[in-house]
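Working notes for the structure below.
The values are calculated or read from the model by the stated rules, or taken from the named source; none is laboratory data. Remember, it's a predicted structure, so these values are computed and weren't measured experimentally. Cβ placement follows ideal geometry from the backbone for every residue including glycine, while neighbour counts extend to all protein chains displayed. In case anyone asks, the SASA skips ligands and DNA or RNA and just uses the protein heavy atoms, side chains included. Shrake-Rupley method; radii C 1.70, N 1.55, O 1.52, S 1.80 Å.
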Amino acid sequence: MTALAAVTDGVLVATHEFCTTTTTVIFGDDDGCLVVDPAVTASEIDALAAEIAALGRRVAAAFSTHPHWDHLLWRDALGAAPRYATAAGARAARACQAENRRKALAALPGLDVSGLARVTALPEGAATLPWAGPRVEVLEHRAHAPGHAALLVPDAGVLLAGDMLSDVEIPLPDTAAADPLGDYDRALDRFTEIVSCVDVVVPGHGSVGDRAELRRRIAADRRYLADVRAGRPVDDPRLSAGPDWLRQEHAQLVALVMPGQQR
Ligand SMILES: [Zn+2]
(Lines give C-alpha, C1' and ligand atoms only; values in the text may rest on other atoms or scores of the structure.)
Protein backbone atom coordinates (compact mmCIF):
# COMPACT_ATOMS: atom_id res chain seq x y z
CA MET A 1 0.00 0.00 0.00
CA THR A 2 1.15 3.45 -0.75
CA ALA A 3 0.64 5.99 1.99
CA LEU A 4 -2.13 8.56 1.73
CA ALA A 5 -1.13 11.17 -0.83
CA ALA A 6 -2.89 14.49 -1.35
CA VAL A 7 -4.54 14.75 -4.77
CA THR A 8 -5.87 18.22 -4.02
CA ASP A 9 -6.33 20.36 -0.93
CA GLY A 10 -7.98 18.21 1.77
CA VAL A 11 -8.42 15.08 -0.34
CA LEU A 12 -5.99 12.18 0.05
CA VAL A 13 -5.84 8.86 -1.80
CA ALA A 14 -4.07 5.60 -0.93
CA THR A 15 -3.57 2.93 -3.57
CA HIS A 16 -3.44 -0.75 -2.68
CA GLU A 17 -1.81 -3.67 -4.42
CA PHE A 18 -4.96 -5.79 -4.80
CA CYS A 19 -6.61 -4.73 -8.08
CA THR A 20 -5.06 -1.24 -7.75
CA THR A 21 -7.85 -0.48 -5.25
CA THR A 22 -8.05 3.07 -3.89
CA THR A 23 -9.10 4.46 -0.52
CA THR A 24 -10.03 8.15 -0.32
CA VAL A 25 -9.96 10.43 2.73
CA ILE A 26 -11.63 13.86 2.66
CA PHE A 27 -10.93 16.37 5.41
CA GLY A 28 -14.01 17.80 7.11
CA ASP A 29 -14.71 20.38 9.77
CA ASP A 30 -12.54 20.50 12.90
CA ASP A 31 -10.59 17.23 13.13
CA GLY A 32 -13.08 15.05 11.25
CA CYS A 33 -12.66 13.23 7.98
CA LEU A 34 -14.71 11.13 5.58
CA VAL A 35 -13.31 7.77 4.49
CA VAL A 36 -14.56 6.28 1.23
CA ASP A 37 -14.18 2.55 0.51
CA PRO A 38 -11.42 1.73 3.02
CA ALA A 39 -9.40 -1.20 1.68
CA VAL A 40 -8.10 -3.87 1.46
CA THR A 41 -6.18 -6.11 3.91
CA ALA A 42 -6.39 -5.87 7.69
CA SER A 43 -2.88 -4.47 7.92
CA GLU A 44 -3.60 -1.90 5.21
CA ILE A 45 -6.80 -0.71 6.90
CA ASP A 46 -5.08 -0.57 10.29
CA ALA A 47 -2.20 1.39 8.72
CA LEU A 48 -4.76 3.73 7.14
CA ALA A 49 -6.41 4.29 10.53
CA ALA A 50 -3.01 5.00 12.08
CA GLU A 51 -2.15 7.42 9.32
CA ILE A 52 -5.45 9.28 9.77
CA ALA A 53 -4.74 9.55 13.51
CA ALA A 54 -1.19 10.74 12.83
CA LEU A 55 -2.65 13.51 10.68
CA GLY A 56 -4.62 14.59 13.76
CA ARG A 57 -7.91 13.40 12.28
CA ARG A 58 -10.71 11.10 13.38
CA VAL A 59 -13.13 9.27 11.08
CA ALA A 60 -16.36 11.30 11.31
CA ALA A 61 -18.18 9.41 8.56
CA ALA A 62 -17.54 6.86 5.85
CA PHE A 63 -19.14 5.81 2.60
CA SER A 64 -19.38 2.63 0.55
CA THR A 65 -19.75 3.42 -3.14
CA HIS A 66 -21.40 0.08 -3.94
CA PRO A 67 -22.22 -3.30 -2.42
CA HIS A 68 -19.27 -5.34 -3.70
CA TRP A 69 -17.03 -6.85 -1.03
CA ASP A 70 -13.93 -4.80 -1.81
CA HIS A 71 -15.95 -1.64 -1.14
CA LEU A 72 -17.51 -2.91 2.10
CA LEU A 73 -14.47 -3.58 4.26
CA TRP A 74 -14.12 -2.18 7.77
CA ARG A 75 -11.95 -2.57 10.84
CA ASP A 76 -12.50 -1.46 14.43
CA ALA A 77 -9.37 0.67 14.11
CA LEU A 78 -11.43 3.08 11.97
CA GLY A 79 -13.78 3.70 14.89
CA ALA A 80 -17.56 3.73 15.23
CA ALA A 81 -18.61 6.40 12.74
CA PRO A 82 -21.50 5.56 10.39
CA ARG A 83 -20.47 4.09 7.05
CA TYR A 84 -23.18 5.28 4.68
CA ALA A 85 -24.43 3.72 1.47
CA THR A 86 -27.39 4.50 -0.76
CA ALA A 87 -30.62 2.89 0.40
CA ALA A 88 -30.41 0.35 -2.46
CA GLY A 89 -26.72 -0.19 -1.81
CA ALA A 90 -27.32 -0.89 1.88
CA ARG A 91 -30.14 -3.32 1.06
CA ALA A 92 -27.89 -5.18 -1.37
CA ALA A 93 -24.96 -5.24 1.07
CA ARG A 94 -27.17 -6.99 3.62
CA ALA A 95 -28.80 -9.31 1.09
CA CYS A 96 -25.46 -10.26 -0.50
CA GLN A 97 -23.45 -10.62 2.71
CA ALA A 98 -22.88 -14.37 2.34
CA GLU A 99 -21.97 -14.06 -1.34
CA ASN A 100 -19.63 -11.14 -0.62
CA ARG A 101 -18.00 -13.11 2.19
CA ARG A 102 -17.41 -16.06 -0.12
CA LYS A 103 -15.97 -13.90 -2.90
CA ALA A 104 -13.77 -11.91 -0.50
CA LEU A 105 -12.25 -15.01 1.09
CA ALA A 106 -11.74 -16.62 -2.31
CA ALA A 107 -9.88 -13.52 -3.50
CA LEU A 108 -7.85 -12.96 -0.33
CA PRO A 109 -7.93 -15.85 2.15
CA GLY A 110 -7.91 -14.67 5.76
CA LEU A 111 -9.35 -11.26 4.96
CA ASP A 112 -11.28 -9.50 7.75
CA VAL A 113 -14.85 -9.72 6.41
CA SER A 114 -16.56 -8.65 9.63
CA GLY A 115 -17.67 -5.30 8.19
CA LEU A 116 -19.42 -6.45 5.02
CA ALA A 117 -22.91 -5.54 6.26
CA ARG A 118 -21.80 -2.61 8.43
CA VAL A 119 -23.69 0.02 6.45
CA THR A 120 -26.03 2.85 7.35
CA ALA A 121 -28.64 3.46 4.66
CA LEU A 122 -29.06 7.01 3.43
CA PRO A 123 -32.67 8.10 2.90
CA GLU A 124 -34.03 6.96 -0.47
CA GLY A 125 -32.83 9.41 -3.13
CA ALA A 126 -30.50 11.33 -0.77
CA ALA A 127 -28.61 13.98 -2.75
CA THR A 128 -25.89 14.77 -0.20
CA LEU A 129 -23.98 13.06 2.57
CA PRO A 130 -24.98 14.04 6.11
CA TRP A 131 -21.64 15.03 7.58
CA ALA A 132 -19.76 18.05 8.90
CA GLY A 133 -17.46 18.96 6.04
CA PRO A 134 -17.47 20.16 2.45
CA ARG A 135 -20.68 19.43 0.55
CA VAL A 136 -20.53 15.91 -0.85
CA GLU A 137 -23.10 15.15 -3.56
CA VAL A 138 -24.33 11.57 -3.97
CA LEU A 139 -24.69 10.67 -7.66
CA GLU A 140 -26.66 7.44 -7.48
CA HIS A 141 -26.96 5.33 -10.59
CA ARG A 142 -27.44 1.74 -11.67
CA ALA A 143 -24.21 1.03 -13.54
CA HIS A 144 -22.00 -1.83 -12.31
CA ALA A 145 -23.99 -2.63 -9.14
CA PRO A 146 -27.33 -1.90 -7.50
CA GLY A 147 -27.30 1.29 -5.46
CA HIS A 148 -23.94 2.37 -6.85
CA ALA A 149 -23.09 6.03 -6.20
CA ALA A 150 -20.27 8.28 -7.21
CA LEU A 151 -19.46 11.18 -4.90
CA LEU A 152 -18.84 14.71 -6.17
CA VAL A 153 -17.12 17.23 -3.93
CA PRO A 154 -17.81 20.44 -5.87
CA ASP A 155 -15.64 22.78 -3.80
CA ALA A 156 -12.64 20.49 -4.24
CA GLY A 157 -13.46 19.61 -7.86
CA VAL A 158 -13.19 15.92 -6.99
CA LEU A 159 -15.22 13.03 -8.38
CA LEU A 160 -14.98 9.67 -6.60
CA ALA A 161 -16.22 7.27 -9.23
CA GLY A 162 -16.48 3.95 -7.42
CA ASP A 163 -16.03 1.12 -9.93
CA MET A 164 -16.25 3.25 -13.06
CA LEU A 165 -13.92 5.55 -15.03
CA SER A 166 -10.90 3.32 -14.51
CA ASP A 167 -7.71 3.32 -16.54
CA VAL A 168 -7.13 -0.36 -15.73
CA GLU A 169 -10.62 -1.89 -15.92
CA ILE A 170 -13.04 -1.94 -18.84
CA PRO A 171 -16.66 -1.03 -18.03
CA LEU A 172 -18.17 -3.81 -15.91
CA PRO A 173 -21.95 -3.48 -16.28
CA ASP A 174 -24.20 -5.27 -13.81
CA THR A 175 -25.17 -8.27 -15.93
CA ALA A 176 -27.95 -9.15 -13.46
CA ALA A 177 -29.75 -5.88 -14.22
CA ALA A 178 -32.60 -5.60 -16.73
CA ASP A 179 -30.68 -3.16 -18.93
CA PRO A 180 -26.95 -3.42 -18.12
CA LEU A 181 -25.66 -1.35 -21.05
CA GLY A 182 -28.43 1.27 -20.80
CA ASP A 183 -27.71 1.68 -17.08
CA TYR A 184 -24.04 2.19 -17.90
CA ASP A 185 -24.82 4.74 -20.63
CA ARG A 186 -26.98 6.75 -18.25
CA ALA A 187 -24.24 6.85 -15.60
CA LEU A 188 -21.71 8.01 -18.22
CA ASP A 189 -24.23 10.66 -19.35
CA ARG A 190 -24.40 11.90 -15.78
CA PHE A 191 -20.60 12.13 -15.55
CA THR A 192 -20.49 13.92 -18.90
CA GLU A 193 -22.84 16.59 -17.51
CA ILE A 194 -20.49 17.38 -14.63
CA VAL A 195 -17.11 17.19 -16.40
CA SER A 196 -16.61 20.95 -16.08
CA CYS A 197 -16.96 20.65 -12.26
CA VAL A 198 -14.24 18.02 -11.99
CA ASP A 199 -10.51 18.66 -11.69
CA VAL A 200 -9.63 15.27 -10.20
CA VAL A 201 -11.27 11.90 -10.83
CA VAL A 202 -10.55 9.01 -8.45
CA PRO A 203 -11.60 5.55 -9.68
CA GLY A 204 -12.18 2.72 -7.22
CA HIS A 205 -9.46 0.81 -9.07
CA GLY A 206 -6.70 2.48 -11.05
CA SER A 207 -4.98 5.82 -11.10
CA VAL A 208 -6.16 9.33 -10.35
CA GLY A 209 -6.77 11.52 -13.40
CA ASP A 210 -7.39 15.15 -14.28
CA ARG A 211 -10.31 16.62 -16.29
CA ALA A 212 -8.77 15.73 -19.65
CA GLU A 213 -8.26 12.19 -18.41
CA LEU A 214 -11.89 12.06 -17.22
CA ARG A 215 -12.99 13.02 -20.74
CA ARG A 216 -10.67 10.42 -22.22
CA ARG A 217 -12.01 7.67 -19.91
CA ILE A 218 -15.65 8.53 -20.64
CA ALA A 219 -14.87 8.35 -24.37
CA ALA A 220 -12.99 5.04 -23.96
CA ASP A 221 -15.89 3.56 -21.99
CA ARG A 222 -18.43 4.69 -24.61
CA ARG A 223 -16.25 3.20 -27.36
CA TYR A 224 -16.06 -0.11 -25.48
CA LEU A 225 -19.84 -0.24 -24.98
CA ALA A 226 -20.48 0.68 -28.62
CA ASP A 227 -18.17 -2.11 -29.80
CA VAL A 228 -19.83 -4.67 -27.52
CA ARG A 229 -23.29 -3.59 -28.70
CA ALA A 230 -22.27 -3.79 -32.35
CA GLY A 231 -20.61 -7.18 -31.93
CA ARG A 232 -17.27 -5.70 -33.05
CA PRO A 233 -13.92 -6.88 -31.70
CA VAL A 234 -12.83 -4.68 -28.81
CA ASP A 235 -9.49 -2.94 -29.18
CA ASP A 236 -8.91 -1.63 -25.67
CA PRO A 237 -5.55 -1.83 -23.86
CA ARG A 238 -7.39 -2.27 -20.56
CA LEU A 239 -8.72 -5.54 -21.90
CA SER A 240 -5.69 -6.78 -23.82
CA ALA A 241 -3.31 -5.97 -20.95
CA GLY A 242 -5.77 -6.89 -18.22
CA PRO A 243 -5.99 -9.96 -16.00
CA ASP A 244 -7.87 -13.12 -16.94
CA TRP A 245 -10.87 -12.31 -14.73
CA LEU A 246 -11.41 -9.09 -16.68
CA ARG A 247 -11.40 -10.98 -20.00
CA GLN A 248 -13.89 -13.45 -18.51
CA GLU A 249 -16.19 -10.58 -17.48
CA HIS A 250 -15.90 -9.23 -21.02
CA ALA A 251 -16.76 -12.62 -22.55
CA GLN A 252 -19.80 -12.89 -20.27
CA LEU A 253 -21.03 -9.47 -21.30
CA VAL A 254 -20.53 -10.25 -25.00
CA ALA A 255 -22.44 -13.52 -24.58
CA LEU A 256 -25.26 -11.67 -22.82
CA VAL A 257 -25.54 -8.87 -25.37
CA MET A 258 -24.87 -10.89 -28.51
CA PRO A 259 -25.89 -14.49 -27.80
CA GLY A 260 -23.89 -16.95 -29.86
CA GLN A 261 -20.82 -14.69 -30.17
CA GLN A 262 -17.63 -15.02 -28.18
CA ARG A 263 -14.72 -12.66 -28.64
ZN1 LIG B 1 -17.44 -3.39 -7.90
Check your understanding: Any idea what the relative contact order of the range 5-257 is, in percent, if you count C-alpha pairs under 8 Å spaced at least 6 apart?
Key -> 15 percent
Review point. When the Cα centres of the range 186-263 and the range 43-59 are compared, how far apart do they sit, in Å?
Key: 33 Å
Check your understanding: Using Cα atoms only, what is the angle between the long axis of helix 97-107 and the major principal axis of the chain, expressed in degrees (0 to 90) to the nearest 10?
Key -> 80 degrees
Review point. By how many degrees, 0 to 90 and rounded to 10, does the Cα axis of helix 180-193 deviate from the longest principal axis of the chain?
Key: 60 degrees
Exercise for review: Take every DSSP beta bridge whose two residues both sit in the chain, then give the antiparallel share in percent to the nearest 5.
Suggested key: 65 percent
Point to revise | Two-decimal Rg to Rh for the chain - Kirkwood Rh, Cα set | key: 0.95
Review point. With springs only between Cα atoms under 10 Å, which of 86, 65, 120 fluctuates most in a Gaussian network model of the chain?
Key: 120
Review point. What does the helix-only formula give at 222 nm for the chain: each DSSP H stretch with n ≥ 4 adding -39500 (n - 2.57), the total divided by the residues, and the result rounded to the nearest 500 deg cm²/dmol?
Key: -10000 deg cm²/dmol
Review point. Residue 101 accessible area, nearest 10 Å², 1.4 Å probe?
Key: 130 Å²
Practice item. Just order 179-188, 166-175, 223-232 by mean Cβ neighbour count inside 10 Å, highest at the front, would you? Key: 166-175, 179-188, 223-232
Review point. Which residues in the range 33-56 place their backbone N less than 20 Å from a point set 7 Å from the Cα of residue 17 along the Cα-to-Cβ direction?
Key: 38-51
Revision key, fill the gap. For the chain, longest principal axis from Cα atoms; helix 42-54 axis from its Cα atoms; angle between them, nearest 10 degrees, is 50 degrees
Study note, to complete from the structure: Rounded to the nearest Å, the spacing of the alpha-carbon centers of the range 100-139 and the range 1-35 is 15 Å
Practice item. For the range 1-156, just run the numbers: alpha carbon Rg, then divide by 2.2 N^0.38 Å, N being how many residues it has. Key: 0.96
Check your understanding: Given the convex hull of the Cα atoms of the range 105-261, what is a quarter of its surface area in nm²?
Key -> 10.7 nm²
Point to revise | residue 235 versus residue 199: modelled label distance in nm, points set 7 Å from Cα along the beta carbon direction | key: 3.7 nm
Point to revise | Compactness of the range 195-257 as Cα Rg over 2.2 N^0.38 Å, two decimals | key: 1.25
Practice item. Name all residues of the range 72-101 having a backbone nitrogen under 11 Å from the label point set 7 Å from the Cα of residue 53 along its Cα→Cβ direction, giving them as ranges. Key: 77-79
